[in-house]
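Where a number appears in this text, it was derived from the coordinates with a stated rule and is not lab data. All values reported here derive from a predicted model rather than from experimental measurement. Every residue, glycine among them, receives a Cβ derived from its backbone with ideal geometry; neighbour counts consider all protein chains shown.
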Amino acid sequence: MGLGKSAQAIAAIDALGLTRGVIVCPASVRGVWLGEIKKFSDRPRKVLKGLKSEDLKLWLRGRTDILVTSYEMATKWKKELSLDLRDFTIFDESHALKNAGAQRTRAALSHQCDGAYGYAKWGAYTWMLSGTPMANDPSDIWTWLRYCQATRLTLRQFADRYFTVRTGSFNANYSPRKETLPELKTLIREHSLRRTKEQVGLEIPPIWITTQVIEGDTREVTALLAEHPGLDEAVMDAVNKGGLKFLEAGHMATLRRLVGEAKAPVFAKQLVDEIEGGLEKVVVFFAHTKALNIFAQALKDSGIGHAKIDGSVGAAQRDEAIERFQTDPDCKVFLGNIVAAGTGLTLTAAAEIVMLESSWVPADNAQALMRVHRIGQSRNVHARFISLANSIDEDVSRAVSRKTAAIIAVEE
């Protein structure tokens, strides 16, 4: 992450003399690609952001060379994109295609992820760009290994050959098999180009990660749970006896959201004190909108300038929020949703990160951290993962750690 994947892809299409193509990316970074092409290529290509059907028609008629669109729109336009011969297709943040059964993956790569019927096949060249190709667990890499014909195994066969699957408290955990791990690493190495900070000689100050447990008032959370429809007596008994640590999968999302809401006002008060005590700019990430809004209101009440990006923020507002945080000394805090603000932006004005809520997916957390720890950062970066004492947070951290360890075993 942060090593210029888009610049490398643009250099590739320039070196090959390619003109006509489609770039598929998260909706939030379409504008970034327009800027990157302008910055890194001197070829006279016409580039269009694909937002609506009229944009697609202009590209199909040859009125523009490169169509930059989202995964959602490309899925919707599968038929049209499958009827067009082009020079290239680029999938940015291609871990968006990790779920073999998802509609977007089937539209792009076909039902078996072999490219037989997906719209990706109609590009003479296809690149998949990702800083986190194994976003959740090592089995995520099957879709692109299958597409580039590195393996003919089905997903089930692939998982059985290379992983031991264990069902845990939250979901299945995939651990690489020692006997076939070298073979898997060879498959990946022969069909991908991997770059690390060390390999490219990039010296970015280090990042260190700590955890902080805060004592929050969980009585309101427990009361809300008691009123929540569908919670049976057994669950409430677990809450009453064990606090907010029970592992009832059916209510996990509700519990995590409520824990986030319990943490928000407590840590917001702490952060206000830290800023008033001299802490410079800080980036805070959330998984849930309500927790973010609670935090934002606390900052507003305290007179702390801040910017925020969540799923409701449009492209223009997004750019304004980033610009304000990066350049305005009075804008002290950036509040971001991990999904909406975790990729495609630079927040190097800060060297302090707070993960008030972390994602189930280790790669999402890593992507969020890289918004600050990337090219342009000149200071040591500190990231804090905030947990609520005696809550489900502690169990989630352990589960995410196990997944991260499995991913590292394959990547090393």
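Observations on the structure shown:
- All C-alpha to C-alpha distances of the range 68-150, sorted into 5 Å bins beginning at zero, yield P(r) values of 3, 16, 30, 29, 16, 5, 1 percent in whole numbers.
- Burial ranking of peptide ranges 306-315, 40-49 (average Cβ count within 10 Å, highest at the top): 306-315, 40-49
- Fully extending the segment from residue 117 to residue 214, taken as 0.36 nm per residue of separation minus the present Cα-Cα distance, adds 29.8 nm.
- Modelled spin-label separation between residue 327 and residue 80, with each label point placed 7 Å from Cα along the Cα-to-Cβ direction: 3.5 nm.
- Available extension along the chain between residue 161 and residue 99 is 20.4 nm, counting 0.36 nm per residue and deducting the alpha carbon span.
- Two-site FRET efficiency, residue 273 against residue 34, from Cβ-Cβ distance with R₀ of 56 Å, rounded to 0.05: 0.85
- Placing a label point 7 Å from the Cα of residue 152 along the Cα-to-Cβ line, the residues of the range 119-143 whose backbone N sits under 20 Å from it are 142-143.
- Inter-label distance for residue 60 and residue 317, nm, one decimal - labels placed 7 Å from Cα along Cα-to-Cβ: 3.2
- The gain in end-to-end length when the residue 72 to residue 124 segment is fully stretched comes to 16.5 nm, 0.36 nm per residue minus the alpha carbon separation.
- Gyration tensor verdict on the range 5-190 (Cα atoms; rounded if a/c is under 1.5, prolate if a/b is larger than b/c, oblate otherwise): prolate
- Put in line by how crowded their Cβ is, counting other Cβ atoms within 10 Å and starting with the fewest, 160, 140 read 160, 140.
- Listed peptides 174-186, 117-129 by packing density, highest first (mean Cβ within 10 Å): 117-129, 174-186
- Taking 14 Å as the cut-off, the amide N atoms of the range 119-161 that come nearer than this to a point 7 Å along the Cα-to-beta-carbon line of residue 43 belong to 124-127.
- By the count of neighbouring beta-carbon atoms within 10 Å, fewest first, 256, 161, 104 end up ordered 161, 104, 256.
- A protection proxy built from the mean count of other Cβ atoms within 10 Å ranks the segments 355-366, 9-20, most packed first, as 355-366, 9-20.
- From least to most packed, judged by other beta carbons within 10 angstrom and beginning with the fewest, 163, 158 follow the order 158, 163.
- Each DSSP beta bridge with both residues in the range 5-190 is either parallel or antiparallel, and the antiparallel ones are about 20%.
- Taking label points 7 Å from Cα along the Cα-to-Cβ direction, residue 378 and residue 180 give a separation of 5.1 nm.
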